Each structure stands twice: as structure tokens, then as C-alpha cells.
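Novice: Here's a structure for you.
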Amino acid sequence: MAERIDPIGAIRKITSNNSSRSKKNKTGGRNAGQEESRKHSTPAGKVLFDKPGNFLYPVPCVMVSCASPGKKPNIITVAWTGTICSDPPMLSISVRQERYSYEMIKESGEFVVNLTNRRLARAADFCGCRSGRDIDKFEECHLTPEPCAHIAAPMIRESPVSLECKVTGIIPLGSHDMFLAEIVGVQVDRRFLDHNGTFHMENAGLIAYSHGKYYELGKILGSFGYSVRKKR
Ligand SMILES: Cc1cc2nc3c(=O)[nH]c(=O)nc-3n(C[C@H](O)[C@H](O)[C@H](O)COP(=O)(O)O)c2cc1C
């Protein structure tokens, strides 16, 4: 059995027959190894993969900035992230222990989730492929570390939305440890505020990550509750 590790981290065991295949599969994504596992047809007319894996897409693709004493501030790209509570506002990020950022986040107990848009897509990919052990990612990507209001870690000035987070717990899960965190500050780019002060997320050009590829969000199909709203 050969082991292959994708950039995000699900370890897949591939039979030795398959291990000589190229790292990219037919769909082109390094994160799409499921196609390489054996498949079975089901009565539902679907195909059941031999080995279950991460198929929950799309997901956000965020740039997490962090800092700890004696080190340059760093950025790690994270797709395994999500909202987990409304009150208090909380989110999680799952990070592999071997990431340079892991200790920085653990030691400082803080990080910033910076949402990404079309303009940040390349930088997000870069920060997910290079380590802060070797380079200064803020400098390489021409990004600006800006002080936060509530925590010592810097946010990324060029991001449309930055969420200042304080770690409240760490759950070891396997390949990744999940950092649970409370959102203690939200900073948004004023260009997306209208004259009433309402923030228009739809104008921020946010991107999503799905099965190894980056997408810019597109057409609006409806708004919350539109299926049950009475027509005027
Ligand atoms: C789109 C994308 C999503 C990623 N998501 C995660 C993630 O959720 N958790 C993780 O530990 N690594 C993830 N990675 C990999 C890290 O970002 C990558 O290993 C990075 O180089 C770590 O940087 P560091 O060593 O400076 O901390 C992702 C990479 C990419 C390109």
C-alpha cells in the first residue's frame, strides 16, 4: 500500500497497482483522489466509492494570519473551516500539526480568518503551497499585515473581511487538530458598505474551493427565506 497526502491532508491509501499513477487524477485536482479508489454501482443508480473521503464541497478558502513572539507573522491557507456557533460567534479551523502555523496558533491562542476574493486567489494558493519556515509570505505576496483591534496577530489589509479569533479549545481528530475559536472582532473593507452602513458581501467577489479548484461566487439564486416569502 502506498500513501499519498494531499495539500489539505486526507491521507489516502492507494493500492500498489494505482500508486504509479500521476499525482493528478483525471479531473486534474490533487485533492480529488477519490476517483482512484474502486467504485461499485448501487441500486440508486449512484456509484459508491470503496473508501470514503472528504466530499463536502464547496468550502471557504481562507487565509489565516497568525503571529507568535520571535517569529515573523505568517499566513496559512485553510479550507477545513466553518461556522460552528452564532452566540457566541464561533468558528473552527482544522490544521495539521506539522504546519509551521500550528505552533504559532497554539502558542499565541489567536489567529485571524481573512476571507478571500478574486484578487487574493493566487496569494491564497501560494500561501497554501509554501511554508513560513522558508519564506515571509506577507512579503512574497505583497500583502500588508495590519494590527487588529482585539488580538496581537495581524490581519491582512487586502482581505475584504477579517475575523479576529481567540482559541477556546483544541480537538485532536486524526490528521488534523481542530481549533475552536470565538470571533472577538470583525473588520470589513469600507468599499463594500453602502451609505446606510450595510455591508454588501455579494460585492466582495468571494471565492470558494471545490474538489481541488477555486471558484468565484456568481449568480444570486435567491435570498434567505425566498422560497416561503409571500409574493407582493
Ligand atoms: C486550498 C488549500 C486549502 C488548504 N487547507 C488546509 C487546511 O484546512 N488545513 C491545513 O492544515 N492545511 C491546509 N492547506 C495546506 C497548508 O496551507 C500548507 O501546508 C501551507 O504551506 C502551510 O503553511 P505553514 O507551514 O506556513 O503553516 C491548504 C492548502 C491549500 C492550497
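Novice: Once you sort the root eigenvalues of the Cα gyration tensor of region 89-191 as a ≥ b ≥ c, which label holds: rounded (a/c under 1.5), prolate (a/b larger than b/c) or oblate (the other case)?
Specialist: Working: a/c = 1.74, a/b = 1.16, b/c = 1.50.
Note, shape of region 89-191 comes out oblate.
Novice: Whole-Hz Karplus ³J(HN,Hα) for region 100-106, in order, using 6.51 cos²θ - 1.76 cosθ + 1.60 and θ = phi - 60°, x for Gly and Pro?
Specialist: 4, 5, 3, 5, 4, 5, 5
Every number in this text was worked out from the coordinates using simple rules, so none of it is lab data. On a predicted model such as this, the values are computed, not experimentally measured, just so you know.
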